[in-house]
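Take a look at the structure below.
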Amino acid sequence: MNALMKAVVYDRYGPPDVLRLADVERPVPKEDEVLVQVHATTVNRLDVHTREANRRGGLGVSLLSRLVSGVRRPRQRILGSEFAGEVAAVGAGVSEFAVGDRAFGNSGLRFGAHAEFMCIREGARIAHMPAGIGFEEAAPVSDGGLNALTCLRQADLREGRTILIYGASGAIGTAGVQLARHFGADITAVCSTKNLELVKSLGADRVIDYTREDFARTGQTYDVIFDAVGKLSFTRCRAS
């Protein structure tokens, strides 16, 4: 039997009460895997929706969720996708990481980060942590960044194009503003009053306070509208 570790597990879908702390077997890295000792992780919307089998999305969405995660019970008992920690062991075929390296990343639907140790393929979404940041800072970065990057690449965002980012102060939105700046786009961001200065500091060319102004009524049009919070309809954005 492998050595044991602490992990937060769940054996049925439901509210947070289904989660419990348990002793489970510590994973052993395969040839192409890295074993990470997790120092920081998060609870994000993917964890919450998966734990509930997406019941708030309706019966159809919940059934689809169960097809992915397990029809009667969860296939993966340990949630958690975002992580930061130290490499504790590597498989024989791993060349980019060594024991003691600080690493962070996102395991996606493979989960496993709500534990003391987790395994992830070297070729998956894992990277060396930049110098000067701590584990608590690195762990939450990947989810918003990866979601924003995927969307902006699909939109073919590039230098000179105009973009409106709705919900610019959340995890995906703040990453979207910074990535759009990196791509050289002209950025209009939408957020609440209290976050105006934050969003400006991230690189937005102009910021709209949605509590005072409706971007859809300004007469301005954009090459790309990026809804980072999933609250806009196509109809509302069509004229912009």
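Looking at Ala155, Ala228, Ala131, Ala171, which one is assigned by TED's automatic domain parsing to the domain that holds Val99, at pLDDT below 95 and hydrophobic (A, V, I, L, M, F, W, C)?
Numbers: Ala155 fails: assigned by TED's automatic domain parsing to the domain that holds Val99; Ala228 fails: assigned by TED's automatic domain parsing to the domain that holds Val99; Ala171 fails: assigned by TED's automatic domain parsing to the domain that holds Val99.
The unique qualifying residue is Ala131.
Show the residue pairs that are 6+ apart or on different chains and have beta-carbon atoms under 7 Å apart, the first residue being within the stretch 224-240 and touching a residue at least 60 places away in the same chain (Cβ under 8 Å) and under 17 Å from Ile163 (Cβ atoms), the second being of a type in the set (D, E, K, R) and in a loop (DSSP other than H, G, I, E, B).
Matching pairs, first to second residue: Val224/Arg161.
Kindly indicate whether Glu197 is part of a loop (DSSP other than H, G, I, E, B) and of a type in the set (Asp, Glu).
Numbers: part of a loop (DSSP other than H, G, I, E, B): no; of a type in the set (Asp, Glu): yes.
No: the conditions fail for Glu197.
Looking at (1) closer than 21 Å to Gly123 by Cβ; (2) out of contact with any Gly (no Cβ under 7 Å at 6 or more places or on another chain); (3) among the aliphatic types (A, V, I, L, M), which one does Val38 not meet, given that it meets all the others?
For Val38, the failing item is (2).
What about Val177, is it buried (at least 18 other Cβ atoms within 10 Å of the Cβ) and assigned to a helix (DSSP H, G or I)?
Yes.
For the stretch 208-232, which positions are closer than 14 Å to Gly170 by Cα and not in a loop (DSSP other than H, G, I, E, B)?
Matches in the stretch 208-232: Phe226, Asp227.
Specify which of the listed residues (Ser81, Ser69) is modelled with pLDDT of 95 or more and either under 27 Å from Ile133 (Cα atoms) or not aliphatic (A, V, I, L, M) (or both).
After ruling out the rest, the residue left standing is Ser81.
Could you count how many residues in the stretch 6-40 are within 21 Å of Thr50 (Cα to Cα) and without any contact (Cβ under 8 Å) to a residue 24 or more places away in the chain?
Number satisfying all stated conditions: 4.
For residues that are hydroxyl-bearing (Ser, Thr, Tyr) and in contact with a Leu (Cβ under 9 Å, 6 or more places away or on another chain), scanning just the stretch 222-240, find the one that is nearest to Gln178 (Cα to Cα).
Within the stretch 222-240, the match that is nearest to Gln178 (Cα to Cα) is Tyr222.
Has the stretch 198-208 got any residue that is at pLDDT 95 or above and farther than 23 Å from Ala155 by Cα?
Yes: one or more hits.
Filter the stretch 148-170 down to residues that are touching a residue at least 40 places away in the same chain (Cβ under 8 Å) and in a helix (DSSP H, G or I) and give me whichever is surrounded by the fewest Cβ atoms within 10 Å (Cβ to Cβ).
Cys151
Which number in (1) under 15 Å from the mean Cα position of the chain (by Cα); (2) assigned to a strand (DSSP E or B); (3) closer than 25 Å to Lys6 by Cβ; (4) not hydroxyl-bearing (Ser, Thr, Tyr) marks the one condition that Ala124 misses?
(2)
So that you can scan it fast, the table gives a plain yes or no per residue for (1) farther than 30 Å from Arg26 by Cβ; (2) surrounded by fewer than 17 Cβ atoms within 10 Å (Cβ to Cβ); (3) aliphatic (A, V, I, L, M); (4) in contact with a Cys (Cβ under 9 Å, 6 or more places away or on another chain):
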position: Phe104; (1), (2), (3), (4): no, no, no, no
position: Gly108; (1), (2), (3), (4): no, yes, no, no
position: Ile120; (1), (2), (3), (4): no, no, yes, no
position: His128; (1), (2), (3), (4): no, yes, no, no
position: Gly145; (1), (2), (3), (4): no, no, no, no
position: Phe183; (1), (2), (3), (4): yes, no, no, no
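The values are calculated or read from the model by the stated rules, or taken from the named source; none is laboratory data. Being a predicted model, the structure only gives us computed values, none of them experimental. Backbone-built Cβ (ideal geometry, glycine too); neighbour counts: all protein chains shown.
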